[in-house]
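Visitor: Quick one: the structure is below, and I'll ask about it shortly.
The values are calculated or read from the model by the stated rules, or taken from the named source; none is laboratory data. Keep in mind the model is a prediction, meaning the values are calculated, not measured. FYI the Cβ positions are ideal-geometry reconstructions off the backbone, even for glycines, and counts take in every protein chain you see. Note: areas computed on protein heavy atoms with side chains; ligands, DNA, RNA excluded. Shrake-Rupley method; radii C 1.70, N 1.55, O 1.52, S 1.80 Å.
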Amino acid sequence: MKKYGSMTAFIIVVFLIQINFFPAINLIRTSPNLLIIIIAGYGLAYGQKEGMAAGVIGGVLMDSIFGKIAGYYALPYLYIGFICGYFRKYLNNDNYIIPAVLCGLSDLFMGLYIFVFSFALRNRINLPFYMVQIIIPEMIYTIIISLILFRIQIIVNKKIDIWVKRRGSSIEKKINQ
């Protein structure tokens, strides 16, 4: 329970940074998708169940601010967490290639999802423009930021795991007395 509480708090902080800070430093007319990085990170660190939980939490936050339809962001983020959780067995804390590639592919998936359901279904079909101007720059920016943020997330996750284990062992001692 404490793991999900700390996961929720961490995702909320990253979400607030994403919607408040990164639009202000608009380097290449786009901003990275920090939620994808965090969701992929939880999936890679803890597995599919936690990746899906992080996806739902991040998606509900996005839906509450930007979504016009309930679940518009929650569903693709859930899938991203699930798929990234599948690759947990290939993760090595010293290897940042797998998380960066998964973050890039997840951002590409999310960009295409938004294109299809926000533009293409309304007969605004200009995929090459959308790819060059929005999807690819955001994907590159997300990959670069993921190399930094994933390291921070590993450190935070280790500290939280230590705290949860320490807290759990102290509760077990109290129960056994």
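Visitor: Output the number of the condition that ALA45 fails; it satisfies all remaining conditions of (1) open to solvent by less than 30 Å² (accessible area, probe 1.4 Å); (2) among the aliphatic types (A, V, I, L, M); (3) at pLDDT below 90.
Guide: Status for ALA45: all satisfied but (1).
Visitor: If I go through the stretch 129-145 residue by residue, how many of them are aromatic (Phe, Trp, Tyr) and surrounded by fewer than 17 Cβ atoms within 10 Å (Cβ to Cβ)?
Guide: Residues meeting the conditions: 1.
Visitor: Is the stretch 19-28 home to any residue that is buried (at least 18 other Cβ atoms within 10 Å of the Cβ), out of contact with any Cys (no Cβ under 8 Å at 6 or more places or on another chain) and either in a helix (DSSP H, G or I) or at negative phi (or both)?
Guide: No.
Visitor: Considering only the stretch 42-69, state which residues are free of Cβ contacts under 8 Å to residues at least 24 places away in the same chain and either among the hydroxyl-bearing types (Ser, Thr, Tyr) or under 20 Å from LYS159 (Cα atoms) (or both).
Guide: SER64
Visitor: Out of the stretch 14-36, which residues are touching an Asp or Glu at 6+ places or on another chain (Cβ under 9 Å) and of a type in the set (A, V, I, L, M)?
Guide: Residues satisfying the conditions are ILE28, ILE36.
Visitor: Please state which one of ILE38, ILE97 is without any contact (Cβ under 8 Å) to a residue 12 or more places away in the chain and of a type in the set (Val, Ile, Thr).
Guide: Result of the check over ILE38, ILE97: ILE97.
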